[in-house]
Amino acid sequence: MPNADERLRILKLIEDGQVNAEEGAQLIDALGESRERSRPTPSRTLRVRVTNLATRRQTINVTIPVSLVEVGLKLGARLAPRVANANPNDILRALESGATGRIFELQDLNENERIEIFVE
């Protein structure tokens, strides 16, 4: 949201007839949007954890920066074809929505493993 000084400047432009009310509203909206985009986002990570169901020991525990998730999903599909059945778009949508916590879980009874993906 624009600060009070920015809003007053836009209102003054409207008052002076340099912009109409609709244009002024668009300027205020644009300032608010640019502030939202320029805010630093906290560094988020995606954690992939594979646990052996019999021993309850973690066999894989990998952390990936969210900025590299798309590459990680492609690499993961090659390295773990059984996870490739999961829809990577679901994971990407969860990231875009700002979800945190566990966003995916699969129990592979053939391999006796549980695969979990978390956003932290």
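Please treat every number below as a calculation from the coordinates, not as lab data. Every value quoted in this text rests on a predicted model; they were computed, and no experiment measured them. Here Cβ is always computed from backbone atoms with ideal geometry, including for glycine, and neighbour counts include all displayed protein chains.
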Most exposed first, judged by fewest Cβ atoms within 10 angstrom, Leu109, Leu8 run Leu109, Leu8
Contour minus Cα-Cα span, Ala30 to Arg47, at 0.36 nm per residue, comes to 2.6 nm
Here the net charge surrounding Phe104, from other residues whose Cβ is less than 12 Å away from its Cβ (Lys, Arg +1; Asp, Glu -1), is +2
